[in-house]
Amino acid sequence: MSIKVGICGVGAFADCFIPLFRAHPLVSEVTLCDLDPDKLRAKAERFDIRATSPSLDDLCTRDVDAIAIFSQNWLHGPQAVQALQAGKHVYSAVPSAISMEEITALVRTVEATGRIYMVGETSYYYPCAIYCRERFRRGDFGEIVYGEGEYYHDWDHGLYEVMKWRGGEDWRRFAGSPPMYYPTHSMSLIVSVTGAYATHVACFGFVDHHEDGIYAPGANIWDNVFSNETALCRTSDGSAFRLNEFRRIGHPGTVGMSLYGTLGSYEEQTGSQVWVTKNWNEREDLTELLAPVGIPVSAGGDMDKVTSADGTHEGASRVHDVGRLPKEFIGLPNGHLGSHQFLVDDFVQACVTGQQPPCNVWQAARYLIPGLIAHESAKQGGVLLEVPDFGPGRQRKPRERDRPGRASVGAVTRPRLTGYQAQAYRLKRLDATCALGRVMMETQSQPETGPTTDHDDVDWTCRVCGRQNEAESDRCLRCAVQRRRPEAQTQDSMSALPRTTPEPGPPTETLFGALNNLGKATIGLAKVLLGLLVIWVLWRGCLVVTEVPPERTQTGDVSTALIPAGEVSAPTLDTTNWPDVASLHGSGNQVTTRFSCPMPWRVRWSCQTRDNFVVYLCDSGGEDSRLLVNEIGPGKDTYYPEMAAEDHYLKIEASGPWTVVIERRD
């Protein structure tokens, strides 16, 4: 099986990757895309590529399976979302996005489309990261207690030229981005070794005073004045690490790391890389082992006699597993300490097999988001802020219909089960569906600092990052925290008001009130009984509960063992006005009864959970699961699904109370 790849942006950096995509044995065709027709024509001739495209809009309509993005870094997020929505797999140069709004949209689009996304983070494949991952896997570090990552790149080391290429005449507006908006090189070195991710961050910035004015107040679109930023992160494993992102530094430049454990440590300084333990005599110099000198390929026979000039994986070190790379890569460019060839191969393999690559969208979020929040901390003088997390993601298996000759590549394999087995499989799968991790949620100790009127037509201030947001925004456009609605504030404030008890009236009024209350109670009881009767009739009719037998079953390699009682239950159902309207009320993870929908129809939902609220739509056989809702925190919305007129199930994942209303759409 092979794929067709489109390359969006054919600038200087793309030159390093075009030959690799073109040479990969699983890539049948490469299409080049750029807005500059002269540059596009020149690159097509240089690399002997016939297929070209004048724009990303056009490329998304072409017969390509994947798109690799090498455009300006502030375009990566929106362009990746556009390509994913067009049904393409996406490879993107770093950074994956430049705001919480963009990275949130990117993660949700990957989850909704099921396409492969990979961020081209070179540091993941650096020799020091590979070496430390192996040491960590063997337990040589013990418990990690502290780490350091740094990316030092002074403006005098080519950054002026790079920004002029990328930004054109307005390059200064984009040049002064916050250093922590480009944290992935240093962040990935630590996260990729331990698997632990940042949960909290505090950061300080250095106000720039350089005469070029790149970081002067109002000089850039971010209104950023920091040329250097230092962050201290608390991690999910209880350790901590420090990140330095410096753009004004008297240093030759580096992307490096140090990692300290209870048993052993890796330490790195300019020109020195060592492994140390508690024993002074056990210090191991790693400088030669990790040096990117080019590794000759040993394949046996005549191949061993090929000279290093054309028989070497250039730029690789002795810890790189060059034996796993395609032989077609021998002698081709392999920049950034031997990482480029591994980046291309991992992405192509992921597209073909459907398995998530190492630097998938969830890892990309963990590489990026701590930096975005760190800059907000620096703007607030170094306050400690919580870091959102979208979870670890999940692996996907290829479907049979994704074999050669099919348009799509890689998705979830679902066995065809029937009856009790199908329902048991649905319940079991509920616990393994996409879990969007917790994000910075509102806490009672942090009330909203914005206006507390009874209307939503006023701007509001985010209580976490302090950004002024427009009235129609439900989430902060900077840090994505959920807006606290005035209704909740009014309710909280009213609960604190003193209550007054009315004085009792004359005896006749009291007797009349008692009789009136008794009559209301009788009418209410009659309504309840009538409602129960209607529900019972409908329950036996168009809304049928699929029972699950007590035994455990198994089909093939898919476990269909039942979820223990109490983990999943049917929600409360109100079908008084069915088939026009049906209301579902519940709390936590639940599976609805089977229902036949009027066509067309819509779903209205609301939730009070502070974490994830996810709703899936399945057909009567439990197949074709479709993501309807994927939200974080309290909220409400309406969705208009386009589904066949047949029986369906709704599956809900939540950590608190929720309501879902199914109704006919005019």
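The values are calculated or read from the model by the stated rules, or taken from the named source; none is laboratory data. Everything numeric here is computed off the predicted structure, so don't read it as measured data. No Cβ is skipped: glycine too gets one built from the backbone with ideal geometry, and neighbour counts run over all protein chains shown. Each accessible area value is taken on the protein alone, full model and side chains, heavy atoms only, with ligands, DNA and RNA left out. Shrake-Rupley method; radii C 1.70, N 1.55, O 1.52, S 1.80 Å.
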Query raised in the report: If a residue has to be in contact with a His (Cβ under 8 Å, 6 or more places away or on another chain) and over 24 Å from I221 (Cβ atoms) to count, how many in the range 64-82 make the cut?
Result: 3
Query raised in the report: From the set of residues in the range 161-210 that are in contact (Cβ under 8 Å) with a residue 40 or more places away in the chain and aromatic (F, W, Y), which is most open to solvent (accessible area, probe 1.4 Å)?
Result: W165
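Condition check ((1) open to solvent by less than 30 Å² (accessible area, probe 1.4 Å); (2) within 20 Å of F246 (Cβ to Cβ); (3) in contact with a helix residue (DSSP H, G or I) (Cβ under 7 Å, 6 or more places away or on another chain)) across all residues:
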| residue | (1), (2), (3) |
| --- | --- |
| F329 | yes, no, yes |
| H340 | yes, no, yes |
| F347 | yes, no, no |
| N360 | yes, no, no |
| L368 | yes, yes, yes |
| G371 | yes, yes, yes |
| A374 | yes, yes, yes |
| G381 | no, yes, no |
Requested in this report: Please tell me if E102 is of a type outside the set (A, V, I, L, M, F, W, C), out of contact with any helix residue (DSSP H, G or I) (no Cβ under 7 Å at 6 or more places or on another chain) and open to solvent by 10 Å² or more (accessible area, probe 1.4 Å).
Outcome: no
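Kindly establish whether R41 is closer than 20 Å to R115 by Cα, among the basic types (K, R), over 24 Å from the mean Cα position of the chain (by Cα) and open to solvent by 50 Å² or more (accessible area, probe 1.4 Å). If you could, list the steps in order and put the result at the bottom.
Numbers: closer than 20 Å to R115 by Cα: no; among the basic types (K, R): yes; over 24 Å from the mean Cα position of the chain (by Cα): yes; open to solvent by 50 Å² or more (accessible area, probe 1.4 Å): yes.
So R41 fails the test.
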Report task. Among the candidates Y125, Y160, Y131, single out the residue that is among the aromatic types (F, W, Y) and under 26 Å from the mean Cα position of the chain (by Cα). Result -> Y125
Query raised in the report: Which members of the range 50-94 meet the condition of being buried (at least 21 other Cβ atoms within 10 Å of the Cβ) and of a type in the set (K, R)?
Result: K88
**Report entry** Sole residue being part of a loop (DSSP other than H, G, I, E, B) and either at pLDDT below 95 or open to solvent by 50 Å² or more (accessible area, probe 1.4 Å) (or both), chosen from D223, D304
**Finding:** D223
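Considering I3, I7, I98, I49, which residue is farther than 30 Å from H375 by Cβ and touching a Phe, Trp or Tyr at 6+ places or on another chain (Cβ under 8 Å)?
Values: I3 fails: touching a Phe, Trp or Tyr at 6+ places or on another chain (Cβ under 8 Å); I98 fails: farther than 30 Å from H375 by Cβ; I49 fails: touching a Phe, Trp or Tyr at 6+ places or on another chain (Cβ under 8 Å).
None of the others qualify; the one that does is I7.
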**Report entry** Which listed residue is open to solvent by less than 30 Å² (accessible area, probe 1.4 Å), of a type outside the set (D, E, K, R) and either touching a residue at least 12 places away in the same chain (Cβ under 8 Å) or assigned to a loop (DSSP other than H, G, I, E, B) (or both), from G149, G139
**Finding:** G149
Report task. Please work out which one of (1) more than 29 Å from Y367 (Cβ to Cβ); (2) among the charged types (D, E, K, R); (3) touching a residue at least 24 places away in the same chain (Cβ under 8 Å) is the condition E101 fails and give its number. Result -> (1)
